[in-house]
Amino acid sequence: MFLGIDIGTSGVKAVVLDEAGSVVGQGVAALSVQRPHPLWSEQDPDAWWHATTAAVQAIDPAVRRSVRGVGLAGQMHGATLLDADDRPLRPAILWNDGRSFAECEAMERAVPDLRAIAGNIAMPGFTAPKLLWVREHEPEIFAKIATVLLPKDYVRLLMTGDKASDLSDSAGTLWLDVAARSWSDALLAACGLTQAQMPRLYEGSEITGTLTAEVAELWGIPPVPVAAGGGDNAAGAVGVGVVADGDALLSLGTSGVIFVATKEFRPNADSAVHAFCHALPGMWHQMSVHLSAASCIDWVARITGATGPADLFARAEAAGPASGPEIFLPYLSGERTPHNDAEVRGAFLRLDNDTDAGRLSQAVLEGVAFALADGLDVLRAAGTTVERLAVIGGGARSRYWGAVLAAAMEVELVYLQGGEVGPALGAARLAQLGVDGGDPATVCVAPPVSHRIAPDPALVAALAEKKAAFRQAYPRITPKS
């Protein structure tokens, strides 16, 4: 059996798979986030360790004793700063921390070809600008930094004693030469750092070390090999079989993510596409990230008095696609792809005397679908062909919304069973590849398909005018204009 551990922001999940790929044990433990100042988001690194131990120990001891390998997944971008004794110098600065806007601009000025090397725009979410902020505002701490690790890799250090990371997670630091799959001296130097302060890099399915005897005893697991693993999105993709060129995933959670596996590095940073290494050797991936997806459903349900998402979907379906002129811009928390606009906010346009809760609800479903279509278009502009999207996440429950999404994006949607296990599943599969070898296409198979939704030509035509109006509206509402 193989253990996958996902160090998330709100909690740690541990999952055990048998060799057939079935989940035979799970454990979870909660985490909290500290926000001591506006825009700040931090966690105590040692809290990850205590939660990891609790999640693993929640699994049946008999199952734990059969584990043959461990893989790790985790929240990306977090800056974990260690001293010469490998102890944290301060709380870790997380992916959703927004304090380092000025440092992003400074880094782009310092390295004019940053986007070509890193495959991404400098954003506060990435690790590198956080280190520039520490250098400027906490110089006494910066001077003591011996090692910088990502969250899951701090847990690895305590598990094995090794300072190691995988390429998919490390690509989110803004210090990686993503095409070369190696640290970039130029990007590190822009932050006053060197490769000596970075962990050793591995492919996600490579073994980085072995559980120490002490941890093995604590967890009730043999001293088994530990695989490098992956960042949460890459590991989640491995878990649902998105491993070959052109395989693609749509995650409809609070935010929306389109993830496409690619056989080569295909950046499109100017349109806020993320281009990272995948968690598998010789593979990369692109992501378009939308900050509001299912969160818009919850929001409009609340303001229109719907009892919940199911009630809202029913109201929208009763109104029907393109039932009114209303346009919704779904930028409630700003937008990432393709606009990279933290200040833009959502808007309803073209309301009239006949606008009611049903038409507002339908406009929200369409607006999120149009925003996702914008993200898919800029992925295609980078040379990626997407024929279908595997769909996971809470927003995947509505078949009606699925028909709207398929028509807006003009792509087939494939709905999977059991995709909710998430990155921990992919981490376990990476452990299996590391221990047993094998072809990722054979080991990392997609869960069974529950149903498919193809674009309805009539619905594509009905939405075409509203999609065009949606695309003309963004320049009119952004503070950038």
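The values are calculated or read from the model by the stated rules, or taken from the named source; none is laboratory data. These numbers were taken from a predicted model, which means no experiment stands behind them. All Cβ positions, even for glycine, are placed from backbone atoms using ideal geometry, and neighbour counts span all protein chains on display.
For every residue, the table says whether it meets (1) under 24 Å from A473 (Cα atoms); (2) β-branched (V, I, T); (3) touching a Cys at 6+ places or on another chain (Cβ under 9 Å); (4) not assigned by TED's automatic domain parsing to the domain that holds G256.
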{"position": "L365", "(1), (2), (3), (4)": "yes, no, yes, no"}
{"position": "A369", "(1), (2), (3), (4)": "yes, no, no, no"}
{"position": "A390", "(1), (2), (3), (4)": "no, no, no, no"}
{"position": "Y400", "(1), (2), (3), (4)": "no, no, no, no"}
{"position": "V404", "(1), (2), (3), (4)": "yes, yes, no, no"}
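When the range 87-129 is filtered for residues that are among the basic types (K, R), within 28 Å of V155 (Cβ to Cβ) and touching a residue at least 60 places away in the same chain (Cβ under 8 Å), only R99 remains. One residue stands out among those in the range 151-183 that are of a type in the set (S, T, Y) and crowded, with 21+ Cβ neighbours inside 10 Å: the one that is farthest from the chain's Cα centre (by Cα), which is Y154.
Give the residues of the range 416-434 that are surrounded by fewer than 19 Cβ atoms within 10 Å (Cβ to Cβ) and not charged (D, E, K, R), sorted by residue number.
Q417, G418
Determine, yes or no, whether K144 is over 25 Å from T9 (Cβ atoms) and modelled with pLDDT of 95 or more. Against the criterion (over 25 Å from T9 (Cβ atoms) and modelled with pLDDT of 95 or more), K144 qualifies.
Suppose the filter is of a type in the set (D, E), over 23 Å from the mean Cα position of the chain (by Cα) and surrounded by fewer than 23 Cβ atoms within 10 Å (Cβ to Cβ); does E217 pass it? First the steps, then the outcome.
Numbers: of a type in the set (D, E): yes; over 23 Å from the mean Cα position of the chain (by Cα): yes; surrounded by fewer than 23 Cβ atoms within 10 Å (Cβ to Cβ): yes.
Yes, satisfied.
The residue that is modelled with the lowest pLDDT, counting only those in the range 395-436 that are closer than 23 Å to A227 by Cβ and in a loop (DSSP other than H, G, I, E, B), is G418. Of all residues in the range 88-141, which are of a type in the set (K, R) and over 23 Å from R336 (Cβ atoms)? Of everything in the range 88-141, those that are of a type in the set (K, R) and over 23 Å from R336 (Cβ atoms) turn out to be R90, R135. Of all residues being not charged (D, E, K, R) and not in a helix (DSSP H, G or I) in the range 126-150, which is surrounded by the fewest Cβ atoms within 10 Å (Cβ to Cβ)? Just the residue, please. It comes out as A143.
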